[in-house]
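FYI, it's all coordinate maths here, none of it is from the lab. Computed from a prediction, not measured in an experiment: that's the story for all the values here. Methodologically, a virtual Cβ is constructed for each residue, glycine included, from the backbone with ideal geometry; neighbour enumeration extends over all protein chains shown.
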């Protein structure tokens, strides 16, 4: 989007302002000098990777409603979207989700169950046992390192990950 910062009222009153003072500031509202507002420094990732509902071979994707994926796609230099299914055409008026146009997408990858261990409403539920395992592992650097080795670094593909956790859908990549 090319902006240096954005207003974000959601962090007012939280400790994030103290924990991340380089990323968040409280400033005077430029439109009302009697009001103060929280601003967050813009982030411009080199690569964004997120999961969507469906994508087409042109790079258009449909993601779940009420997320931040469009903003993330607009802010990032490259965007990779894993999707539950590849379709002939993603309709920008599809009411099942929010449309992200191909201009913001570098690659679409078919990855059934690609949101695992989280879920996709209407398709599959979150895997609470795996999420609890993740939360427990994040308690120390050592246990989190072991978790990453098991589920990320030692797994050669999405298919192998799904087999490791007892799931077996296909994987098909479509890059533009």
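For 112, 106, the sequence from fewest to most other C-beta atoms within 10 Å is 106, 112.
With 0.36 nm allotted per residue and the present C-alpha distance subtracted, the residue 138-residue 165 stretch has 7.9 nm of extension available.
Nearest-5 percent of antiparallel DSSP beta bridges in the stretch 48-176? Counting only bridges with both partners in the stretch 48-176, antiparallel ones make up about 50 percent.
The stretch 80-116 and the stretch 32-69 have their alpha-carbon centroids 14 Å apart.
Pull out the extension gain between residue 74 and residue 95, defined as 0.36 nm times the separation in residues minus the alpha carbon to alpha carbon distance; nm, one decimal. Present the calculation step by step, with values, prior to reporting the outcome.
Numbers: separation 21, 0.36 × 21 = 7.56 nm, distance 2.13 nm.
Contour length minus Cα-Cα distance gives 5.4 nm.
Distance between the 7 Å Cα→Cβ label points at residue 41 and residue 9: 2.6 nm. One quarter of the convex hull surface built on the alpha carbon atoms of the stretch 47-175 amounts to 8.3 nm², the projected area averaged over directions.
Note on the chain: GNM, Cα springs under 10 Å; of 18, 69, 128, the largest mean-square fluctuation is that of 18.
Per the helix-only calculation at 222 nm, which mean residue ellipticity applies to the chain, given -39500 (n - 2.57) for every DSSP H run of n ≥ 4 and division by its residues, nearest 500 deg cm²/dmol?
-5000 deg cm²/dmol
Computed from label points 7 Å out along Cα-Cβ, the spacing between residue 22 and residue 107 is 3.0 nm.
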